[in-house]
Amino acid sequence: MGTIIKKNDELLLKLTSASLLTIAAQEKINCYLQKNLEIYNEIMEDEEAVQYFNLYYEENECELKQVAKESLFTANEAENSFNK
């Protein structure tokens, strides 16, 4: 097969061109993956942070609701005192 390729300049040129195109395409894919890997990592970090927040809120749901209720009550008292 190697002899046939060496003797046929057109076939050798086509194979070389195909190889160069394949290498160029692989390099473009590598650049794309490297560029988007940073974005992907940021998304995964954000998703992990959201999961931690959800766990925190699930564990402290009653306390957080109580604090929110007290804060609303305090805000209403402050608003009433300003209105008087």
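The values are calculated or read from the model by the stated rules, or taken from the named source; none is laboratory data. Just so it is clear, the structure is predicted and the values come from calculations on it, not from any experiment. For accessibility, only protein heavy atoms count, side chains too; no ligands or nucleic acids. Shrake-Rupley method; radii C 1.70, N 1.55, O 1.52, S 1.80 Å.
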inquiry  = Suppose we filter Phe53, Phe73 for residues that are more than 30 Å from the chain's Cα centre (by Cα) and in a helix (DSSP H, G or I); which single one remains?
reply    = Phe73
note = Filtering the range 1-32 down to residues that are open to solvent by less than 100 Å² (accessible area, probe 1.4 Å) and within 36 Å of the chain's Cα centre (by Cα) yields Ser17, Ala18, Ser19, Thr22, Ala24, Ala25, Gln26, Ile29, Asn30, Cys31
inquiry  = Please go through the range 52-69 and give me each residue that is open to solvent by less than 100 Å² (accessible area, probe 1.4 Å) and not small (Gly, Ala, Ser), ordered by number.
reply    = Asn54, Leu55, Asn60, Glu61, Leu64, Gln66, Val67
